[in-house]
């Protein structure tokens with residue numbers, strides 16, 4: 001086992017002490033159970049009494065996705081805009097954005113039990129505005145007529161660095177595309193419904209997700225979700241790519257017209 | 001104390017590389033020797049994530065079975081321990097997520113704030129400090145928690161941490177630093193008493 005370095009600050013020291021005081025349960029004889037499973041071709045679980053299908057771990061996320069796609073198609077196939085959105089969701093990316101939407105609920109439906117939003121401090125690291133460019137590796141743009149910049153944050157999603165500029169009326173997320181990372185939103189229904197609307201910013205295609213209550217996430221060029229990037233947003237969201245190769249996301253309580261006006265001041 | 005020291009339960013009469021080569025040839029006994037060699041660290045890694053011994057056992061067992069099935073993709077010359085730890089910790093994280101979904105307590109926002117039962121601990125006089133620290137740790141996103149577990153609780157060297165989390169070795173130091181900074185921020189924002197307790201303890205000890 002590696003020799004620990006002496007703790008360099010009080011946080012590390014707390015961690016080292018916590019590690020030293022954990023009373024781990026005795027390690028069971030995993031090798032015997034594994035031997036049984038390998039001998040049985042790993043078709044069944046080896047631990048009696050905790051029956052769980054061996055395939056549980058491999059449950060494909062795509063199954064849930066497929067259900068969503070089908071339901072969506074059925075619910076919204078009458079609208080041309082919806083057909084376009086469906087095409088995008090199915091991977092026929094039309095304008096560089098991929099947006100998925102859950103089916104419109106029945107009037108008496110119970111809201112989807114998606115997670116509650118959490119404060120930005122719980123997933124982002126505050127940094128000084130003067131250090132932001134150094135932290136993310138690009139110079140974040142600042143919108144005009146946006147009021148005072150209140151705080152700046154960096155989020156590191158497995159190497160995908162996001163700059164977040166927090167203004168009084170909105171949070172502005174910025175990512176340098178550099179290889180084609182896309183912002184992807186999954187609106188989920190609440191009573192009152194989330195509205196997905198195609199729009200534009202500086203002649204670039206944009207999506208407006210109104211009503212709050214949706215999950216945003218980043219998707220890599222290969223279509224895989226960037227680990228850890230899913231987050232519930234309870235405000236309106238405007239998302240677009242700029243001609244300069246930036247992905248912008250504005251989370252706000254402003255209207256589309258107000259948000260688009262501010263967004264239009266960005267390069 | 002519970003310092004993480006992993007004594008092999010079987011004599012290391014064969015190297016990992018030899019055992020892996022034999023296992024690739026269908027020698028299940030050779031693979032099970034590897035399991036016995038690393039089951040403790042794998043089980044502890046799973047336990048840190050899922051916080052339940054039975055689930056940790058299931059996850060660890062499943063992880064080794066999957067590792068066996070994936071031996072064809074194992075890179076010759078790489079260490080086995082971080083490779084299997086990566087499989088096990090991913091399964092453990094998946095288990096936490098699906099458990100949260102089942103309970104309807106999911107907070108899927110890049111990390112999971114799951115109400116986890118407290119870990120068993122030995123010394124009562126530091127209960128408050130530990131309880132607060134675990135609450136703070138639980139507020140971190142899962143990537144941060146895992147990298148801290150691997151470094152401080154399982155005491156893996158940085159190179160193995162890099163393999164276990166699937167990132168370049170050069171990024172581990174900064175990831176640890178950021179995770180530690182986030183923990184510090186969480187403590188200062190939500191658990192200032194922890195800092196005070198710690199400082200007072202330092203004064204007493206000093």
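None of the figures in this text is laboratory data; all of them are computed from the coordinates on show. None of the values given here were measured: they were computed from a predicted structure. As a convention, Cβ positions derive from the backbone with ideal geometry for all residues, glycine included, and neighbour counts pool all protein chains shown.
Counting Cβ atoms of other protein chains within 10 Å of each residue's Cβ and taking the mean over peptide B:166-176 gives 1.
Taking label positions 7 Å along the Cα-Cβ direction at both residue B:24 and residue A:9, the computed distance is 4.3 nm, reported to one decimal. Neighbour counts of C-beta atoms inside 10 Å place B:73, B:177, A:200, A:229 in the sequence B:73, B:177, A:200, A:229, starting with the fewest.
With a/c under 1.5 counting as rounded, go ahead and sort region A:221-267 into rounded, prolate or oblate using the C-alpha gyration tensor (a ≥ b ≥ c being the square roots of the eigenvalues; past the cut-off, prolate if a/b is larger than b/c, else oblate). Because a/c hits 1.5 or more and a/b fails to exceed b/c, region A:221-267 counts as oblate.
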